[in-house]
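Student: I have a structure here, written as structure tokens, and I will follow up with some questions on it.
The values are calculated or read from the model by the stated rules, or taken from the named source; none is laboratory data. Bear in mind the structure is a predicted one, so any value in this text is a computation, not a measurement. Every residue, glycine as well, gets a Cβ built from its backbone with ideal geometry; the counts of neighbours run over all protein chains shown.
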Amino acid sequence: MNLERKWAIGDTVFLAVPELLDSKRIAAFGEVCGDSSPTHLTDAAAHAANYPRAIAHGILGMAFCGRMIEQEFHDYKLLTLQARFVAMTFHGDTLSGFGTIEAIDTETKNMRLSLIVSNQRETIVLRGTATLSELGAKGSGGRQQ
Amino acid sequence: MVEIELSEPLYRSLIGKRYPPFTVQISAARVRKYAELIGDTGRVHQDSQAARAAGYRDITAPPTFGFTLALLAGQSDLALADLGVTVNETLHGEHRFDYFSPLCAGDVLTGCQWIEDLKEKKGGTLLFLITGFELNNQLGELALRMIQTSIVPLNRRAR
């Protein structure tokens, strides 16, 4: 958490720890988010849908990015979060990720980040972007609108 | 791989289609569980008092929770059904969230879904279905807009 930090273009933040996508976590996530697709649960169902084995939810990698942004940019409000799921994630994968500040608007102080999430084989599984506005900055609207 | 007869006229007839509005309520228990599963220990996602002290109505949903609301409201397969495809035959290709107002436990949201675009890529072997969602809260505020891209692998029949 960086309460007082002044950010600059090129600064990078990381997921605090690699995130293991074990079967128990994937099943529980599917239950809580209402995604009952069996392709997330068993290899047999995944094979039937032409996937090599049971796949994890792509949105999980994005959720880790959202968490990282909230934790690192405590004085900022998330305006947009976007991700392309460029490779599948599977049971047993371990995801790591980081975000890099690509631009800071000199007037509004809004920031744009690029986001990358990779698996344990260093294959990129997610590429994304986020935009943030500084809390209290003109037009940011504060936390509660 | 989907064996279906898809064509430009079908795409054109579906682009812009809006589905009936839906209502979904945010459960505090579900927000806490979701936050726990993604490793988000932020107190505003767990503790109502902490969330209120931070200026929220109640505990707030993590940034990607809006997708869950669409799933819970049974919205994930409506547009796919119009193409004769099931959700198991698709990949989640891309997702974008635009945030306007926080999603808080207890909120009752009214949503709508529409087909933003349909386009083939990679020589007609993939169909990209782009759907949009908006969620308005009980105060009448636009809370969230989402744009989702679902990818359908096609086994094209001769036209």
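Student: Examine segment B:55-62 for a residue that is part of a helix (DSSP H, G or I) and within 22 Å of the chain's Cα centre (by Cα), and state whether such a residue exists.
Tutor: Scanning segment B:55-62, I find no residue that is part of a helix (DSSP H, G or I) and within 22 Å of the chain's Cα centre (by Cα), so the answer is no.
Student: Which is within 22 Å of B:Leu91 (Cβ to Cβ), at pLDDT below 95 and in contact with a strand residue (DSSP E or B) (Cβ under 8 Å, 6 or more places away or on another chain), of A:Ala83, A:Ala87, A:Ala46?
Tutor: Just a single option satisfies the conditions, and that option is A:Ala46.
Student: Between B:Ala50, B:Ala29, which is surrounded by fewer than 19 Cβ atoms within 10 Å (Cβ to Cβ), more than 11 Å from chain A (Cβ to nearest Cβ), of a type in the set (A, V, I, L, M, F, W, C) and outside any strand (DSSP E or B)?
Tutor: On inspection, the qualifying residue turns out to be B:Ala50.
Student: Using the structure shown, decide if B:Arg43 is surrounded by fewer than 15 Cβ atoms within 10 Å (Cβ to Cβ), on the phi < 0 side of the Ramachandran plot and touching a Phe, Trp or Tyr at 6+ places or on another chain (Cβ under 7 Å).
Tutor: It is false that B:Arg43 is surrounded by fewer than 15 Cβ atoms within 10 Å (Cβ to Cβ), on the phi < 0 side of the Ramachandran plot and touching a Phe, Trp or Tyr at 6+ places or on another chain (Cβ under 7 Å).
Student: Moving on. If you check every pair at least six apart or on different chains, which have Cβ atoms under 6 Å apart with a residue in segment B:50-62 that is within 16 Å of B:Asn137 (Cα to Cα) and in contact (Cβ under 8 Å) with a residue 40 or more places away in the chain first and a residue that is of a type in the set (Val, Ile, Thr) and crowded, with 16+ Cβ neighbours inside 10 Å second?
Tutor: That search, which allows pairs on different chains as well, returns B:Ile59/B:Val31; B:Thr60/B:Val44; B:Ala61/B:Val31.
Student: Restricting to segment A:2-50, name every residue that is within 14 Å of chain B (Cβ to nearest Cβ) and β-branched (Val, Ile, Thr).
Tutor: Passing the criteria: A:Val17, A:Ile26, A:Val32, A:Thr39, A:Thr42.
Student: Which one of the conditions (1) within 27 Å of B:Ala143 (Cβ to Cβ); (2) within 19 Å of the chain's Cα centre (by Cα) does A:Glu31 fail to meet, given that it meets all the rest?
Tutor: With respect to (1) within 27 Å of B:Ala143 (Cβ to Cβ); (2) within 19 Å of the chain's Cα centre (by Cα), A:Glu31 is out only on (2).
Student: If you don't mind, there's one more thing I want to ask. So A:Asn50 passes all but one of these: (1) farther than 21 Å from A:Arg127 by Cβ; (2) surrounded by 15 or more Cβ atoms within 10 Å (Cβ to Cβ). Which condition number does it fail?
Tutor: (2)
Student: Now a separate question. Give segment A:96-133 a look and list any residue that's without any contact (Cβ under 8 Å) to a residue 40 or more places away in the chain, crowded, with 16+ Cβ neighbours inside 10 Å and β-branched (Val, Ile, Thr), or say none.
Tutor: A:Ile116
Student: Considering only segment A:51-92, state which residues are in a helix (DSSP H, G or I), facing chain B (nearest Cβ under 7 Å) and among the charged types (D, E, K, R).
Tutor: Within segment A:51-92, A:Arg67, A:Glu70 qualify.
Student: Kindly establish whether B:Gly16 is within 27 Å of A:Phe64 (Cβ to Cβ) and of a type in the set (Gly, Ala, Ser).
Tutor: Here the answer is no, as B:Gly16 does not meet what is asked.
Student: Give the residues of segment A:38-65 that are under 30 Å from A:Leu113 (Cβ atoms) and out of contact with any helix residue (DSSP H, G or I) (no Cβ under 9 Å at 6 or more places or on another chain), sorted by residue number.
Tutor: A:Gly58, A:Gly61, A:Phe64, A:Cys65
Student: I've got another one for you. In segment B:77-104, which residue that is assigned to a loop (DSSP other than H, G, I, E, B) and within 21 Å of A:Thr80 (Cα to Cα) is nearest to the other protein chains (Cβ to nearest Cβ)?
Tutor: Per the criteria, the residue is B:Ser101.
Student: Then there is this: As an exercise: evaluate B:Ile4 against (1) surrounded by 14 or more Cβ atoms within 10 Å (Cβ to Cβ); (2) at pLDDT 95 or above; (3) farther than 20 Å from B:Leu109 by Cβ; (4) more than 9 Å from every other protein chain (Cβ to nearest Cβ) and give the number of the one condition it does not meet.
Tutor: (2)
Student: Ok, one more. From (1) surrounded by 19 or more Cβ atoms within 10 Å (Cβ to Cβ); (2) over 18 Å from B:Tyr19 (Cα atoms); (3) among the small types (Gly, Ala, Ser), pick out the condition that doesn't hold for B:Ala70.
Tutor: Of (1) surrounded by 19 or more Cβ atoms within 10 Å (Cβ to Cβ); (2) over 18 Å from B:Tyr19 (Cα atoms); (3) among the small types (Gly, Ala, Ser), only one is false for B:Ala70: (2).
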